[in-house]
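Worksheet: the structure to be examined is printed underneath.
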Amino acid sequence: MSVSQVVHLRRARDVMDARYAEPLDLDALASVAGYSRFHFAREFRHAFGETPAAYLSRRRVERAKDLLAHANLTVTEVCMVVGFSSLGSFSRRFRALVGCSPSEYQRRAAPPAIPGCIAMTWGRPAIADKHADDTRS
C-alpha cells in the first residue's frame, strides 16, 4: 500500500472520527477517500485491520463509554447522541466490545460530572453571534 493510498484512507477515517454521531454511509466515506465503495471497504480493512463499519461503531462505543461515565444521560440518550439508531444494536455492540451492558457500565462508573443538558449540546454546531462578530471589526 502506497503512502498516497494511506493518506486518502486516513482522510475518510478522520471524517468518521469527527462526524461519528452523524449517519455516515459507505458511499460517502468512499467518496472522501476517492475510491469505489467496495475498493474502499477492502483497502480500509487492509490498512486499519477492521471494516469501516466496525471502526465507526467502535468509535461510537468509545464515546458512549465516556458519556455513560461522566454525563447525566440515560442509556437511550447516549445511544442517540453517539449516532446509533437503535437501542438494541447499540446494546449488542457495546456488550461485544466492552463485556457488559451499557446500563451495567453506567452503574459501575463514577457519578456524572457533566449535566446532561450540557452533554447534549456537544454534538451540535456552535451558532455564531453575528452582532459579536460585527463589534470586533
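The numbers here are math on the coordinates, done by the rules we state, and not lab data. Remember, predicted model here, so these are calculated numbers, not experimental data. Neighbour counts are summed over all protein chains in view; Cβ atoms, including those assigned to glycine, are modelled from backbone coordinates with ideal geometry.
Across all directions, the average flat footprint of the convex hull enclosing the Cα atoms of the range 23-89 is 4.9 nm².
Mind checking the dipole of the range 54-123: about its Cα centre, +1 per Lys or Arg Cβ, -1 per Asp or Glu Cβ, Debye to the nearest 20? All intermediate terms of the calculation are to be shown ahead of the outcome.
On the way: 10 positive and 4 negative charges, 56 e Å.
Charge dipole, the range 54-123, about its Cα centre: 260 debye, nearest 20.
Taking amide hydrogens as placed 1.01 Å from N in the peptide plane, the amide H of Ser36 sits under 5 Å from that of no residue at least 5 positions away in sequence or on another chain. For Phe40, the shell of other residues with beta-carbons less than 13 Å away shows a net charge of +3, using +1 for Lys and Arg and -1 for Asp and Glu.
I need the calculated FRET efficiency for the pair Arg107 and Ala18, taking r as the beta carbon distance and R₀ as 41 Å, to the nearest 0.05.
Values: r = 31 Å, r/R0 = 0.75.
Efficiency for this residue pair is about 0.85.
From the Cα trace of the range 54-123, what convex hull volume per residue do you get, rounded to a whole Å³? List each step's numbers first, then the result.
Working: hull volume 5.0 nm³, N = 70.
So the per-residue Cα hull volume is 71 Å³.
The calculated pair-distance distribution of the range 1-49 uses every alpha carbon pair, bins of 5 angstrom beginning at 0, and gives 5, 24, 35, 25, 10, 1, 0 percent.
Sequentially through the range 59-76, phi angles give Karplus couplings (6.51, -1.76, 1.60; θ = phi - 60°) of 4, 5, 5, 4, 5, 4, 4, 5, 5, 5, 7, 10, 10, 8, 10, 6, 4, 5 Hz, Gly and Pro residues having no value and appearing as x.
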